[in-house]
Amino acid sequence: MTVIDDRLNAIRGAAPRKPHNARTLAALAANPGCRRRTLMDAAGVNKVLIADRLGHGMTVGQMSSMALARGKSFEAQVKAEGGNDLLRLLRGHLDLPTAQAHYHDLNPADDDDRISARLRRSQSALEEAARASDPVGTMFDHPILQLTMNGVRVHIEPDLIAFKFGDRFHVVEIKSFPIVDGTADSGKVAAAAQQAAVYVLAMREMLQTAGLSPELVSHKVILVCPRDFTNQPVAELVDVRKPLASLRRHLTRMESIEALLSLLPPGLTFDLVLDETGQATRSPDDLAASVAQVSARYSPDCLQSCELAGVCRAEADGTVPVLGRVVREELGGIDSIAEAIELATGGRVPDDSQRQAARLLRSAYQMRQQALEALR
């Protein structure tokens with residue numbers, strides 16, 4: 001264990017580590033300037049518990065028990081009997097001529113099957129398949145992948161099957177939302193593409209580390225969903241080059257954990273100090289003071305992807321960031337909404353850093369006044 005690992009463990013406290021998944025990695029990469037989320041996710045902090053203790057708990061990305069059961073049932077159906085349904089769909093999209101395919105079950109063997117052991121098995125199976133010249137298709141159920149973020153390697157356990165045929169791996173995403181008359185919810189498809197891009201990048205990094213070409217992993221992923229409102233699976237090819245490029249770009253912009261830790265007080269911790277019944281005993285005020293020592297980069301988009309968004313929104317009340325990222329960028333140099341109003345109405349003289357934004361505000365205010373006059 002490294003010094004960085006020790007520090008991150010101390011920041012998390014005694015609570016169990018909350019592992020990354022594709023959704024959290026995609027959300028983190030979408031807001032690379034947020035030091036608070038970067039630190040908490042690297043340390044495996046349970047942001048739900050922190051937000052609840054601070055009185056700003058909220059539900060983000062959680063499915064109902066019925067939706068979860070439906071999703072698991074559909075996935076089990078697609079994977080049943082060595083993935084027979086999946087193979088049928090793949091033949092239609094990849095011109096798959098093979099009658100059989102080998103199925104690698106990389107799920108936990110038992111309760112003691114550690115992530116590190118599963119990672120080694122996954123790496124071995126994927127590398128062996130990558131080097132093989134045999135064209136027979138090979139499927140991998142729940143491999144453990146590894147991705148470097150902020151200079152730290154994180155493990156993700158994708159809910160997917162990676163399929164290799166010939167010289168290409170294809171990520172297969174199985175989702176329970178329907179494709180109706182050839183069309184699915186665009187937001188859900190975009191979210192699935194973002195998650196799949198995380199898996200593609202992680203698989204490419206794994207192969208490149210082994211001295212193999214990352215291009216062995218295709219940028220075209222296979223999305224499997226129910227057709228219409230039945231349980232009959234249907235597959236569509238989704239090109240993830242755009243979310244993949246965005247993910248790479250954001251990862252390069254993220255501050256390294258080592259650099260971030262050097263800026264923080266040595267005794268910082270988000271430990272809730274649970275008692276023997278599992279109840280938090282740490283004072284909310286004391287916890288809030290610790291959270292406030294790590295800067296956040298809030299925008300309304302955070303409400304859809306971060307469990308701590310309610311805390312950060314309360315902190316940002318009255319400031320420009322609550323108006324959204326576009327407004328924040330347009331009003332660079334202006335911190336508060338009150339200040340923006342004063343600049344718009346002529347009640348404040350802008351300094352050099354505010355002149356351009358002040359002209360925009362003044363122009364918008366004059367247009368508003370003219371519109372109101374026209375309505376009278």
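The values are calculated or read from the model by the stated rules, or taken from the named source; none is laboratory data. Note that the structure is predicted; figures quoted are calculated from it, not measured. No Cβ is skipped: glycine too gets one built from the backbone with ideal geometry, and neighbour counts run over all protein chains shown. Ligands, DNA and RNA are excluded from the accessible area calculation, which covers all protein heavy atoms including side chains. Shrake-Rupley method; radii C 1.70, N 1.55, O 1.52, S 1.80 Å.
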Count of region 212-227 residues which are within 14 Å of residue 193 (Cβ to Cβ) and among the charged types (D, E, K, R):
1
Lone unmet requirement of (1) farther than 20 Å from residue 168 by Cα; (2) in contact with a helix residue (DSSP H, G or I) (Cβ under 7 Å, 6 or more places away or on another chain); (3) open to solvent by 20 Å² or more (accessible area, probe 1.4 Å) for residue 103
(1)
Can you find a residue that is out of contact with any strand residue (DSSP E or B) (no Cβ under 8 Å at 6 or more places or on another chain) and modelled with pLDDT of 85 or more anywhere in region 81-97?
no
Here the residues within region 164-184 that are surrounded by 14 or more Cβ atoms within 10 Å (Cβ to Cβ), closer than 13 Å to residue 223 by Cβ and of a type outside the set (Ser, Thr, Tyr) are 170, 171, 172, 173, 174, 175, 177, 178, 179, 184
Of residues in region 240-278 being of a type in the set (S, T, N, Q) and closer than 30 Å to residue 203 by Cα, the one modelled with the highest pLDDT:
246
Residues in region 206-226: is at least one among the small types (Gly, Ala, Ser), without any contact (Cβ under 8 Å) to a residue 12 or more places away in the chain and assigned to a loop (DSSP other than H, G, I, E, B)?
yes
Out of all the residues in region 328-336, is one or more closer than 27 Å to residue 25 by Cβ and either open to solvent by 70 Å² or more (accessible area, probe 1.4 Å) or not basic (Lys, Arg) (or both)?
yes
Tell me, which strands (runs of 3 or more DSSP E) lie completely within region 81-200 with 1 or more residues that are over 30 Å from residue 66 (Cβ atoms), of a type in the set (Val, Ile, Thr) and within 25 Å of the chain's Cα centre (by Cα)?
145-149, 152-156
Within region 28-40, how many residues are farther than 18 Å from residue 256 by Cβ and open to solvent by less than 20 Å² (accessible area, probe 1.4 Å)?
0
Over region 212-263, the set of residues of a type in the set (A, V, I, L, M, F, W, C), within 21 Å of the chain's Cα centre (by Cα) and within 21 Å of residue 130 (Cβ to Cβ) is 217, 221, 222, 240, 244
Cβ contacts < 6 Å: first residue among the charged types (D, E, K, R), restricted to region 125-153; second residue surrounded by 17 or more Cβ atoms within 10 Å (Cβ to Cβ), any location; separation 6+ or different chain. Result?
141/106; 141/161; 153/146
Can you name the residue in region 279-298 that is among the small types (Gly, Ala, Ser), part of a loop (DSSP other than H, G, I, E, B) and open to solvent by 50 Å² or more (accessible area, probe 1.4 Å) and, of all such residues, is modelled with the lowest pLDDT?
295
For residues in region 247-278 being free of Cβ contacts under 8 Å to residues at least 24 places away in the same chain and farther than 16 Å from residue 39 by Cβ, which is surrounded by the most Cβ atoms within 10 Å (Cβ to Cβ)?
249
Subset of region 188-201 that is at pLDDT below 90 and more than 23 Å from residue 73 (Cβ to Cβ) - its residue that is most open to solvent (accessible area, probe 1.4 Å)
194
